[in-house]
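The values are calculated or read from the model by the stated rules, or taken from the named source; none is laboratory data. Here the structure is a predicted model, which is why all the values come from computation and not from measurement. When we count neighbours, we look across all protein chains shown, and the Cβ atoms used for this are built from the backbone with ideal geometry, even at glycine. These accessible areas exclude ligands, DNA and RNA; they are computed on the full protein's heavy atoms, side chains included. Shrake-Rupley method; radii C 1.70, N 1.55, O 1.52, S 1.80 Å.
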Amino acid sequence: MRTLLHRLVIGIGIIGSLAMMSLGAQEAPAEPQQTFRSTVDVVTIQASVRDARGRVVSGLTTTDFEVRDNGQLRPILSLRSDRQSPLSIAILVDMSGSMRISQKIAMARQAYDSVLAQLHQGQDEVALFTFDESVHERRDFTRDLPTLKDALADFKAFGTTSLYDATAATARRLAARSATHKAIIVLTDGIDTSSAMTAREVSGLASSIDVPVFVVVTVPSMDQRLTLSTSERSTASEAADLRDLAEWTGGQLVFASTIVETVVAASNLIDELRQQYVLAIEAAKASEWRRLDVRVRRSSAIVKARSGYFAG
């Protein structure tokens, strides 16, 4: 009996030793395994495409687009076009002293209401900012659109106009949002009097983070509208104005001199955002500003997209 018990103990010990040796071999390999990682920095590009008549061109694929980065043709990694994707909109309203003249504030409020009317409750998100010599957050980003109604009712125009500085600050806030389609909509009389930044600097910032800027200039008088448009185009070539700011970021500048024009402009801007294509290319490695040129291989197609990005 003792002999049998002794043999049983020895057998259990041998089995246990073998198990421990096997477990140890699994937990402590002789050489650590190497892990290889591959990361690609991606540049996204929101692009609007219209034909010669101004109609939205839909149904395009990656083979229809051509993207050049500093003149070099780049492969398109992905393309997305989805009207159901949520929007992230920052509305920036001019509340400086110049807006007190005529019906500018009333028209800006009408444009604000028109933009809200085009958005989808619970899906699209909006934030409201106003500006004079500085920018003020009135409503943080929210999908509860009814809470934004009449948000401009109690504000009065006062102070100087830092339009470009306010646009830059708003672009930085919007950059952190995760929506596929993002944009700033500026409601203003188009006059900047006190910004430290220039339109060129702001457009570089906004386009580098792919935030198109849409500017609705509310000027009730047709004479004021003509004067403003003419003065913008007579600016020295080394300078930049609101139209350049809008175009270089892939946005648009429109004038609104009547309530009907204001409503139509707001509707067209939101519709354009919903129908944008979102392309992606691999970012360059060098730490520098890179110029982007986005085209469609159709002679009549007109593309609006960001003018460049900061690589590295």
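Quick look at the values:
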read-out	value
Mean-position separation - Cα centroids, segment 259-312 and segment 111-160, in angstrom	24
Net charge of Cβ neighbours under 9 Å - reference Ile302; Lys, Arg +1; Asp, Glu -1	+1
Using a Förster distance of 35 Å, the FRET efficiency for Asp154-His120 (Cβ separation, nearest 0.05)	0.85
Distance (nanometres) between label positions extended 7 Å along Cα→Cβ at Arg298 and Arg55	1.0
Whole-Hz couplings from phi, Karplus 6.51/-1.76/1.60, listed for segment 85-102; x for Gly and Pro	5, x, 9, 10, 10, 10, 9, 10, 10, 6, 10, 7, x, 5, 6, 6, 6, 6
Rounded accessible area per residue of segment 87-221, 1.4 Å, Å²	37
Cut-off under 5 Å, modelled amide H: who pairs with Val93 long-range	Phe129, Thr130, Phe131, Leu187
Highest average packing first - 195-207, 134-146, 275-287, Cβ atoms within 10 Å	195-207, 275-287, 134-146
Relative packing of peptides 158-164, 56-62 - highest average C-beta neighbours within 10 Å first	158-164, 56-62
Interchain or long-range residues, amide H under 5 Å from Leu87's placed H	Asp124, Glu125
Point-to-point label distance, Ile101-Ser85, nm (Cα→Cβ direction, 7 Å offset)	4.0
Rounded to whole Hz, the Karplus (6.51, -1.76, 1.60) HN-Hα couplings of segment 135-147, x for glycine and proline	9, 10, 7, 9, 9, 6, 4, 8, 9, 8, 4, x, 5
Kirkwood-based Rg to Rh ratio, segment 233-312, C-alpha trace	1.04
3J(HN,Hα) from dihedral phi, segment 263-274, Karplus parametrisation 6.51/-1.76/1.60, rounded to Hz, x for glycine, proline	5, 5, 4, 4, 5, 5, 5, 5, 5, 5, 4, 5
Charge sum, other residues only, whose C-beta stays under 9 Å from Gly122's C-beta, Lys/Arg counted +1 and Asp/Glu -1	-1
Net charge contributed by nearby residues that have their C-beta within less than 11 Å of Arg274 (K/R +1, D/E -1)	-3
